[in-house]
1. Would you work out the Kirkwood radius for the chain? I mean one over the mean of 1/r across all pairs of different Cα atoms, in Å.
2. What are the equivalent ellipsoid semi-axes of the range 238-286, built from the alpha-carbon gyration tensor (square roots of five times its eigenvalues), in whole angstrom, biggest first?
3. With a cut-off of 8 Å between alpha carbons and a minimum separation of six or more residues, what is the relative contact order of the chain in percent?
4. Give the Rg/Rh ratio for the range 582-621, taking Rg as the radius of gyration of the Cα atoms and Rh as the Kirkwood radius, to two decimals.
5. Short version: what are the Cα gyration tensor semi-axes of the range 498-626, square root of 5 times each eigenvalue, largest first, in whole Å?
6. If we sort 36-49, 765-778 on the protection proxy, mean other Cβ atoms within 10 Å, highest first, what's the order?
7. If 163, 737 are ordered by their accessible area, calculated over protein heavy atoms with a 1.4 Å probe, which sequence runs from highest to lowest?
8. Pairs 46/674; 299/520; 299/541: which are spaced more than 31 Å apart, C-alpha to C-alpha?
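The values are calculated or read from the model by the stated rules, or taken from the named source; none is laboratory data. This structure is a prediction, so every number in the text was calculated from the model and none was measured. Note that each Cβ is placed from the backbone with ideal geometry, even for glycine, and that neighbours are counted across all protein chains shown. Each accessible area value is taken on the protein alone, full model and side chains, heavy atoms only, with ligands, DNA and RNA left out. Shrake-Rupley method; radii C 1.70, N 1.55, O 1.52, S 1.80 Å.
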Amino acid sequence: MLQIKNLHRLAAAGAALAFACSGAHAQAPGHQALLNQYCVTCHSDKLRTGGLSLQTADLADPPKAAETWEKVIRKIRVGAMPPQGLPRPSAGALNEFASYLETALDRAYQANPNPGRASMHRLNRAEYANAVHDLLDLAIDSTAILPPDDESSGFDNIADVLKISPSLMERYLSASWNVSRLAIGDSRITPSTATYRARPDLSQDQHIDGLPLGTRGGMLVQHNFPLDGEYVIKVRLWRNTFDLLRGMEDPHQIEVSLDGERLRLVTAGGHDDFVSMAQNPGSFGADLDQRLTVRIPVKAGMRTVAATTLLRSHASKDDLIKPFLRTTVDGLDITGDPSIDRITIEGPFNETGSGDTAARQRVFVCRPQSAEEELPCARKILSVLSQRAYRRPATDADLETLLSFHQRRRNHNGNFEAGVESALQYILASPEFLYRFEPDPPAPDAGAVYHVSDLSLASRLSFFLWSTIPDDDLLASAARNQLHEPAELQRQVRRMLAGPKSEALIANFAEQWLFLRNLKSTAPNLDAFPDFDDNLRQAMKQETELFFSSIVREDRNVLDLLQADYTFVNERLARHYGISGVYGSQFRRVPVTDEARRGLLGQASILTVTSYAARTSPVQRGKWILTNILGVPPTPPPPNVPELKENGEGGKPQSLRERMEAHRANAVCAGCHKVMDPIGFALENFDAVGHWRTSDDGAHIDPSGTLFDGTRVDGPTALRKMVLSRPEVFVGVMTEKLLTYALGRGLEYYDMPAVRKIVRDAAAQNYQFSSLVLGVVNSPPFQMKMKMRRSEP
């Protein structure tokens with residue numbers, strides 16, 4: 001223990017000596033003059049602008065005030081300080097000053113790395129669902145059985161807020177009971193009802209991806225049938241509050257299918273049906289519901305249930321000009337095509353067995369043929385399950401506990417499978433499964449820094465790249481104590497990135513970083529944006545997901561996130577963008593010929609989540625770019641800030657820019673808005689759903705402005721070029737987001753040297769996505785840990 005502490009002291013002393021001998025002290029007076037002339041005026045002990053004083057800061061030994069100097073470095077590197085309008089030193093002098101500070105701080109970190117405090121990490125509900133799937137080959141909807149997780153630092157996998165309460169523990173216990181019954185196929189499962197609903201604003205006048213060709217609209221759902229038995233599938237068409245169904249003026253064929261096999265084909269509509277519905281809508285609807293109800297035997301397992309409308313061969317009305325791209329314009333409008341409102345599945349009834357599901361195949365790696373074979377088989381099954389679930393080799397104590405649960409239930413029910421189910425329920429509710437334990441080694445003192453074990457490293461790596469438990473290959477490497485070796489670690493990282501599970505980086509990392517999860521709750525004003533529907537909402541999200549996935553899969557330069565000359569669209573999104581020659585519901589890669597549309601800043605998903613329902617928001621868009629692209633989030637607004645006046649309020653109509661300028665005249669508001677607004681106004685040609693425009697309410701749009709670093713911009717292209725002029729800033733922010741997500745904690749000032757090293761190393765690899773991931777994985781915060789004191793959680 002004393003040797004570890006002495007090594008750290010010697011390393012720190014050596015770093016200080018190297019810094020002193022390097023001539024850095026000789027540079028301090030020149031930098032001190034720059035500081036006094038350009039910075040201390042605002043950042044004095046008296047004014048403390050931004051809560052920061054540099055008046056007595058010691059430039060001779062920057063590591064002593066690392067937190068302060070990291071703030072200074074960030075502002076200098078992004079070009080935010082000194083502020084626009086105040087005297088500035090030359091760019092070269094500022095760069096030398098920032099480099100001097102970075103060099104001092106990075107050397108100190110290299111000599112004495114601080115990986116930060118690692119809290120005990122509970123699986124969030126996305127990780128729980130993925131872990132259950134990989135453990136049992138069983139897909140579950142974790143949103144139906146577990147509450148949403150709290151967020152911090154932009155993500156929902158931050159350990160400090162993933163606490164557990166008695167009520168949440170009850171939910172986990174209930175989940176373990178339900179999941180274990182589904183996996184084993186418990187014959188005591190009683191009939192239940194599951195209802196799947198289409199969003200009210202889903203337009204169903206076009207083909208929906210995943211449904212058969214030659215169909216229009218409909219729903220496609222994945223449902224887990226727990227047992228072999230009979231099930232009732234009910235399809236209900238949309239109807240308004242008067243029970244009038246859409247599309248009944250003409251005959252339509254509605255198909256119900258299971259795994260692509262037709263179960264029923266119902267013809268509805270035409271003159272007689274329309275008259276019948278008009279005379280007695282309630283009875284007509286109930287009769288049609290009955291005709292669209294099917295009771296059939298179904299084998300247990302995950303199945304695809306679909307309901308859709310077949311295209312008519314002579315559909316003269318299909319080619320009528322429509323006023324909007326969406327069909328959910330008016331609840332009173334019942335013309336057009338039928339719309340599927342919901343699919344309900346009830347059962348099982350008259351169950352005939354547990355079936356041969358993928359989950360049962362995964363669990364029952366052996367099947368005893370006699371009473372004497374039961375205990376060895378149970379030991380084998382539970383050894384495999386516990387090793388995967390606990391992310392480490394199973395101990396004798398683990399197996400003793402699990403076998404006791406198995407035997408108790410086996411003796412009570414006289415059923416081997418019931419015993420396995422009981423032990424599995426224990427595993428799924430165990431802290432060893434629900435938490436990512438990283439035991440400290442016995443030797444170091446509290447506060448000592450050490451490398452985590454290979455098994456802990458395997459879990460960190462798997463939850464970072466896959467949001468789930470390690471697979472057998474990764475666990476085997478860790479068990480052999482080889483994972484920490486650089487060549488093996490790189491092999492595993494590249495293997496994991498190439499596999500389908502890395503889609504979790506898009507679903508959990510990218511969607512949270514880029515705010516894509518907010519799209520599902522966006523509801524643009526339909527008077528202002530009558531073409532907006534759920535089809536467009538889904539297409540917006542899928543475009544950005546596919547775009548980010550291409551950066552990962554093709555291992556592209558991450559700067560392509562801002563400058564790529566391609567994107568992904570289907571017909572619905574192509575029409576929104578004004579791209580011709582794209583037909584059908586499937587997405588395809590297309591070139592981007594419009595400079596303004598290049599990269600994330602031209603994608604409708606980003607532009608929509610940073611807008612209000614009825615108008616754009618230069619403030620929200622500016623804040624999004626400052627936070628997620630440039631890494632300098634604005635300070636929260638003070639209390640009682642007056643709201644922006646609506647257009648025409650208190651006088652003649654004004655453009656949004658005019659109203660914002662009046663709002664900014666308030667001294668309380670001016671400080672932040674002069675930074676955010678010019679960024680947001682550069683994107684003002686994009687309306688609140690990302691459609692290009694040149695005027696707003698008849699007023700010509702002026703996207704020009706001067707940014708906080710003095711750069712003049714006149715639209716999205718100039719804004720993008722400004723960001724790309726400092727590539728290390730954007731790559732640094734992306735690295736910070738990746739590292740935050742990977743560690744499951746917010747970053748601190750002492751993590752910045754690790755971030756800078758990742759960025760420097762990635763620059764030599766042309767900022768390939770894999771170079772950032774490998775940099776994160778090889779960084780001290782990811783590979784190391786500080787032993788906590790007993791009082792720490």
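1. 30.1 Å
2. Over the Cα atoms of the range 238-286, the ellipsoid semi-axes are 23, 12, 8 Å.
3. Taking the mean separation of contacting Cα pairs over the length of the chain, I get 15 percent.
4. Radius of gyration over Kirkwood radius for the range 582-621 works out to 1.07.
5. 22, 18, 15
6. 765-778, 36-49
7. The most accessible residue leads, giving 163, 737.
8. As for pairs spanning more than 31 Å Cα to Cα, those are 299/520; 299/541.
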